[in-house]
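Just below is one structure, and these are the notes that go with it.
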Amino acid sequence: MARKFLVGGNWKMNGSVKLAETIVNALNQGKWSPNVEVVIAPPFPYLQLVRNTLRKDVGVSAQNCYTESKGAYTGEVSTEMLKDLSIGWVILGHSERRMIFGESDEFVGKKVHAAVKAGLSVIACVGEQDAEREAGQTTAVVFRQIKAIADQLAPADWANVVIAYEPVWAIGTGKVATPQQAQEVHNELRGWLAKNVSQEVADATRILYGGSVSAKSAPDLQQEQDIDGFLVGGASLKDQEFLQIISSRQ
Ligand SMILES: O=C(CO)COP(=O)(O)O
């Protein structure tokens, strides 16, 4: 089954109104293959500006949301609010959320469930730290993380979930995983889905790679069979490089 290639741009806590306008303009004028879907994830304050000015065939994503639809949760943003702004996507379980803000596997799973139930599409992130890879625990770590997500979902929910494999040692370091390293883990994750959810879900679920993706590394990475797209951090803030990454896939 053909899985549509997806390129996501995660701005993290970067940007400004000016940068948002620059990136929106570049994407609005950009041309790329109809076989590639594009989603950008600006910080909360810029979501509405971006959604209102960006071409409609490009998705807009939040970088986080909470499990509850409203209430006394100071500083949090609900799935309902995202929907109110016509934001169709949310990134959940990013390693920065897990490591800096202490989000547990279980909490990430609950957020994915809440977002899917609210009708949002989710980019759910998994990935091992350097020491875990060194200790030969990569598979165990990503299986533990994906299980905590799968535990909260019914098989049909997977239609609105994309997995992003983001090895922590490759994020923001310039140390990109080799195509073989990424392919190996993507293949393991797909195998996990086949065994623990269903073959259909394994065949249909997109698994993105994230971690120092650049215009230079994208062409080789995108050739791997189980790499169905990218989640781009730093390079998604550079409009022309981001367009080049999108165009690495035909
Ligand atoms: O964390 C990432 C995307 O979510 C990757 O970030 P970089 O592309 O800056 O390494």
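The values are calculated or read from the model by the stated rules, or taken from the named source; none is laboratory data. Predicted, not measured: the structure shown is a model, and the values here were computed from it. Methodologically, a virtual Cβ is constructed for each residue, glycine included, from the backbone with ideal geometry; neighbour enumeration extends over all protein chains shown. Heads up: the accessible areas ignore ligands, DNA and RNA and are worked out on the full protein's heavy atoms, side chains in. Shrake-Rupley method; radii C 1.70, N 1.55, O 1.52, S 1.80 Å.
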Quiz item: Taking the alpha carbon gyration tensor of segment 108-250, what are the square roots of 5 times its eigenvalues, largest first, to the nearest whole Å?
Solution: 24, 18, 14
Practice problem: Grab the other residues whose beta carbon is less than 13 angstrom from that of residue 137, score K and R as +1, D and E as -1, and report the net. | Solution: -3
Quiz item: Under unit Cβ charges (Lys, Arg +1; Asp, Glu -1), what dipole magnitude, rounded to 20 debye, does segment 1-136 have relative to its Cα centre?
Solution: 600 debye
Quiz item: Hey, any idea what % of the chain's accessible area is carbon plus sulfur with a 1.4 Å probe?
Solution: 49 percent
Practice problem: Towards the positive end of the charge dipole of the chain, with charges on Cβ (+1 Lys, Arg; -1 Asp, Glu), say which of 8, 47, 119 has the farthest Cα. | Solution: 47
Quiz item: Under the rule of -39500 (n - 2.57) per DSSP H run of 4 or more residues, summed and divided by the residues of the chain, what mean residue ellipticity at 222 nm is obtained, to the nearest 500 deg cm²/dmol?
Solution: -11000 deg cm²/dmol
Quiz item: Quick one: accessible area per residue over the chain, 1.4 Å probe, rounded to a whole number of Å²?
Solution: 45 Å²
Self-check item: Leading residue at positive end of dipole, the chain (Cβ point charges), from 230, 194, 30
Solution: 30
Quiz item: Listed here are the pairs 18/110; 56/238; 83/175; 12/56; 12/175; which of them are more than 29 Å apart at the Cα?
Solution: 18/110; 83/175
Self-check item: Length-normalised contact order of the chain in % [C-alpha pairs under 8 Å, at least 6 apart]
Solution: 22 percent
Exercise. Name the shape class, rounded, prolate or oblate, that the alpha-carbon gyration tensor gives for the chain, where a ≥ b ≥ c are the square roots of its eigenvalues, rounded holds for a/c under 1.5, and otherwise prolate holds if a/b is larger than b/c and oblate otherwise.
Key: rounded
Practice problem: Quote the charge dipole size of the chain about the Cα centre in Debye, to the nearest 20; the model charges only the Cβ of Lys and Arg (+1) and of Asp and Glu (-1). | Solution: 580 debye
Quiz item: For the chain, modelled as a GNM with alpha-carbon contacts under 10 angstrom, which of 71, 172, 88 fluctuates the most?
Solution: 71
